[in-house]
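Where a number appears in this text, it was derived from the coordinates with a stated rule and is not lab data. Fair warning: this is a prediction, and the values are worked out from it, not measured in the lab. Cβ atoms come from the backbone with ideal geometry, glycine included; neighbour counts cover every protein chain shown.
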Amino acid sequence: MMLIWPYRPHPRHLALFIVAYVLGCGFAHALAIVPGTGISFWAPSGLFIATLAIVQRQSWPWWLLAGCFAEVLSNFLWFHSPFPAAMLIYVGNALEAVIGASLVNWALKRSIRLETLREVLAFVVLGAGVAPVVSATVGSATLAWFRILSQTFTGAWPLWWIGDATGVLIVAPLAFIVIQNWRDKTELSAARLAEACVLGLIFLGVAALSLSGYLPFAYIIMPPLLWAAVRFEVKGAVVVLVLLTLITAIFTISGTSPFAGDDETQRHKQFMLQLFLAISAFSALIVAAISRQYQLALSNLQQSVATLRERERELSQIVNMVPVHIRRLTPEGEPTFFNKRLTDFFGLDLQQLEKPNASRLVTAVQTLVHPDDADSLLQAVRRSLATGEPYSIKYRMRRADGAYRWVDGRAEPLRDDSGTILQWFAISIDIDDEVRMQEALKQSERRYRELFHYMPIGLAQIDAGKLIPMFKEMRAQGVVSLETYIDENPEFLSHALEALEVEEVNQHVIDMFRANSREEMGGSITRYWQPALATIRRSIEARYRGEEVFQEETRVARMDGSVMDVVFATAQPGAIADKSLVGFIDITERKRAEEALRAREREFSQLVNMVPSYLWRLTPDGVPNFLNQRLIDFLGPDVVNANVEGVHPLAAIIGAVVHPDDKTRMSNALFHSVATGERFSMKYRLRRADGVYRWVEGSAEPMRDEEGRILQWYGLSHDIDDIMHVEEALRNSKQQLEQMIEAVPFSTLSFAPTGELTYVSKRYQDQAGAPGAEIKDFDALAREVAHPDDFPTMFARATQGFATGQPFVNRFRRRLKDGNYRWIEARAQPLRRADGPIVQWYFASIDIEEEMRAQEALRERERFLWQLVETLPAMIDCAAPNGEPVYRSQQLRDFLGYELEELDGGAKSRLDATLDAGVHPDDLAGVKEQYARSLESGEPYRRKHRLRRFDGEYRWIETRAAPMRDEKGAIVQWNVICLDVDREVRMQEELRLAQDRLARAGQAASLAELSASIAHEVNQPLAAIVANSHACYRWLSADPVNIERAKITTERVIRDAKSAADVVSRIRALFKQSVENRGILVLSDVISEACSLVAAEALRRRIRLNIDVETNLAPVTVDRIQVQQVLVNLIRNGMEAMDAVDDNKTVDVRMHQVDDEVRIEIGDNGNGVAFPERIFEPFFTTKENGMGMGLAISRSIVEAHGGRLWAEKNEPRGARFVFTLPNVAKGAT
């Protein structure tokens, strides 16, 4: 007692439980309207289970005692059962509550909210399904044992179980809601309150009408019930279920409910009442749980979307903060995002790059990238898109003011776990200053680019959730300066660092820190940021001061222990206070480059002097102020120091060193560039110190400040004297090549990459004439000489070849000088530089007029053969070596009603689709088998079968197929012809039927002759007998009676009767069965032969023969021909009996051993035997044209062999004829 006393419930709670229990018992007693039983809807079961499921397990004894008291009180007030029986019933109820609450708590871990489908199903199955089994078993056994109300165990158990289950389903959820939400105040909006009122009115109205009998069935209450469950979830469903239970109880007690009836049906009605309430409760709880799950999922989704949007805003801030141009592309390369720095640089956004029917990528490159770099950039991007590899390329981008600046562009793909590319992220770093410096230094260009190379940015998300409470506590303590506080309390920094954990990193961070996975980057930041702890401290102090952005250059350690320099930047998003976004830019290379630059500045003059070109520098006014040593050595020191009074220093040097023929032109061009700021580029000759002139290629560009003012002019003169001599040699070689080309038997043209006509061979001019002055390019020349009918195709192919840079071939008619057209074949081939760009297009054309005429003759012959095939009065099909149709004549296509191409795209091959759709089902298997045999062996194919015409009619077709072979004997094609032989087949059938009718007519004539002969032979003795009988009658009637004459006439009657008997004996001897042709044999062979005789007729009638012959049959002594006659007659009778049957036409022939006889059965599925007692009578027949002798002769043959023949009814329909033949031993007797 001391163990459970501390867990005693509040007395008020126990009192409420007892009152509710007693009222539930009273409610059950009111509904117990089944005669002879007190079993009904048991509300206390739900109350008991819900209470035990919610309260602590240590307090269960108190609630069990309270339940026992309530049970005894209820028995005294309502049930008046014997006390032992009442206690036994309560034991069952208590066990039910304990087991149900334990199972539900075990399944749901004591979290019973009924808000998920899992919770509802566990509650229904365990609480309302399993637990009531105990109560129903104990209670029904108690009723049967004490014979209360004459109840039996089997009769009471179902009602008891479903009553307890219904009480659990309806009352337990109500108890859960009331107990768990006792102090909660649910506030409904005006709209929800109005909806609840409308729903309540509709529900009450529908419930009243359906349960009072005005509506046809009670389950029409389900829609408003489910409405309440969907809209108001579990609480709404529970309230409506309680209302439904009360309304049902009222109408049931009053006798107006569909569940009230007379005494005989009341037990069934009571069961249907409980089932109705149980189904309603189960449906409402399931729907409410699903609705609640949906609402929770929707709420979680909305929260996730809001968080993702905030994260996107934070990332956007970081991306826009990074000092690089960032863009995002789809897996196909289409740009989808520019960061703010990039849009500010271009002066436009993505929407302004939209063009109809144009790729946004191509438009962006063509619009924003320097024309000289656009093709190489597009090729690099497309190659990366095709291979999935990152790319890195330097190119010039146009700024918003129109100026082009060099950038270092890089892109890497973002992949999913399976390696599929999701997006491309690209950055471009402005390296214009570095490129221009490298342009001045030439040979050091690659080194300077490496010095200014930047790694892509890395991002990491830090969880500062543990740091925020520490900040709050410090502010509460009045800490203003975190720097001073950390100096005084060093341990705070350690705690703060431990509170910062890496939550998520991008791929760039993993690559930068050389980690194996994202998980390895997680945990405390002190694991690998140890060298940057001072920076982290300053970022924490900035965070405490409320600064949203912190940026500093620092050093961090990689996972392998190495250290790198980075730009460390943090951002504090306003919406997510416990998160920090950290950005990294690897500046290790930049640091090294800066150090190298400082070291190389000392070597600059030496490096410039080492450049294998002549470098010079001018002031903004054009005055030379620097020449590298190589140029001084080339010109000589006297020329460099020349100074002519009254002459511009630059003009003086030009006059001294430039060739007289180039002096004026070069001077004007250079001074024009100095005056306008335009780039200078020119080829001219310089005099060397020894007086020799050499060709150089000079160029100069200005260096400007940020405002565009020219600070210096940098010039370079490169010795190209050897190149000029080589070009002269090339020109000479070109002239020789042209002479060689004129000697070959074809015409030659050449075009520039732009399409401009650059060369026309003499042979071309001799054939087609020299192009006019207006013919400048390929387009004009093509329109001039190509035949109008050939021009579109020829020009389209050439245009495509020019666009793709791929060789192409054209065949067209070219106009000659005399105005006639001749066919030519023109081949185009591009000449490319070593680095890929096209330098020249060369065209070679040859006359193919004779070849084209031969081809035209072949095509004419082909058209003739085609028309011949199409007009033949036969259906022709051509098939591949594997049997697949490749061509069908028009007659065959018209017959089938569809084109061959319509068979493509399905699961079947063309051959299978044709056979399955066209061949009659009864012929399909045989056709496929013979087709397969011919295709495998290569033998010709020939068969008659039925083929469906386009209108659905089946017609007989004779199909013949033969293979066409190549020189090696291999089959290259099957040629098939289909002949319509439907008319011939039908005529043959009519001929066979006429022959059958003629045979029957002959039988009838033979029978008539036989009958006349028999009548003739018997008529004479019979006439004599009649005459003598009359005479005898007269002699006996005379008075007196003449006995003698009567005797004489009687003897004559006897004589004539013997004569008639002799006639009959001779006729019988004529038809008597002979035993001379009998032999000992096994009947299995006889049956096979008989079935073969009727197989053709069975096929014609579409009847299947099923033969079942037992093995090891005993031999019999029979006349083989006569037994075959019996079998054929019986099988044909069976087939004729199924003429009126549409389906399942089968004749079953079965032979087996029965004792010392062999038993043969022939069954059919016809209409059966109408007159079984007369069918074996001679001349009796039910057929329209039958003679009625078949079965009579068959029976006489069987009986002559010592057997029997009879008819039976076949199951499930039809008739079965059975005859037996004795074994050899018996037959011998």
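What's the extension gain from LEU298 to ARG853 if we count 0.36 nm per residue and subtract their Cα-Cα distance?
Roughly 192.2 nm would be gained on extension.
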Original post:
Ordered by residue, what ³J(HN,Hα) values in Hz, to whole numbers, does the range 616-631 give under the Karplus form 6.51 cos²θ - 1.76 cosθ + 1.60, where θ = phi - 60° and Gly and Pro are x?
Top reply: 8, 9, 10, 6, x, 8, x, 7, x, 10, 6, 9, 6, 4, 5, 5
**OP:** Give me VAL809, VAL1158, VAL133, VAL124 ranked fewest to most by other Cβ atoms within 10 Å of their Cβ, as a rough exposure proxy.
**Re:** VAL809, VAL133, VAL124, VAL1158
Original post:
Any idea how far apart ALA932 and MET559 come out in nm if each label point goes 7 Å out from Cα toward Cβ?
Top reply: 5.9
Subject >> Approximate spin-label separation ASP966-GLN800, in nm, with each point projected 7 Å along Cα-to-Cβ >> reply: 2.9
Original post:
Within a Cβ distance under 10 Å of ASP1148, other residues only, what is the Lys/Arg minus Asp/Glu net charge?
Top reply: 0
Subject >> Karplus 3J(HN,Hα) series, Hz, for the range 1195-1209 with 6.51 cos²θ - 1.76 cosθ + 1.60 (x for Gly, Pro) >> reply: 5, 5, 5, 5, 5, 5, 8, x, x, 9, 9, 8, 10, 9, 7
**OP:** Starting at the first residue of the range 390-401, write each ³J(HN,Hα) from the Karplus equation 6.51 cos²θ - 1.76 cosθ + 1.60 with θ = phi - 60°, in whole Hz, x for Gly and Pro.
**Re:** x, 10, 9, 8, 9, 8, 9, 10, 8, 7, 4, 8
Original post:
Looking only at the range 936-971, which residues have a backbone nitrogen under 13 Å from a spot 7 Å from the Cα of ASP894 in the C-beta direction?
Top reply: 950
Subject >> Distance in nm between pseudo-label sites at ASP401 and TRP106 (7 Å out along the Cβ direction from Cα) >> reply: 8.2
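What is the sum of charges around GLU412, taking Lys and Arg as +1, Asp and Glu as -1, for the other residues whose C-beta is under 13 Å from the C-beta of GLU412?
Value of the local net charge: +2.
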**OP:** Take the Cβ-Cβ distance between LEU243 and PHE69 as r, set R0 to 41 Å, and report the resulting FRET efficiency rounded to the nearest 0.05.
**Re:** 0.85
Original post:
For the pair ILE279 and LEU117, what calculated FRET efficiency results from E = 1/(1 + (r/R0)^6), where r is the Cβ-Cβ distance and R0 = 25 Å, to the nearest 0.05?
Top reply: 0.90
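Return the FRET efficiency for the residue pair GLN477, ARG309: r is the Cβ-Cβ distance, R0 is 35 Å, and the value is rounded to the nearest 0.05.
That gives a FRET efficiency of 0.45.
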**OP:** Arrange the following residues from fewest to most other Cβ atoms within 10 Å of their Cβ: ASP779, ASP430.
**Re:** ASP779, ASP430
Original post:
In what order do GLU314, GLU825 fall by count of nearby beta-carbon atoms within 10 Å, going from fewest to most?
Top reply: GLU825, GLU314
Subject >> Full-extension gain in nm, HIS920 to VAL647, via 0.36 nm per residue minus C-alpha separation >> reply: 87.3 nm
Subject >> Stretchable slack from GLU488 to SER1084, in nm (0.36 nm times residue separation minus alpha-carbon distance) >> reply: 202.9 nm
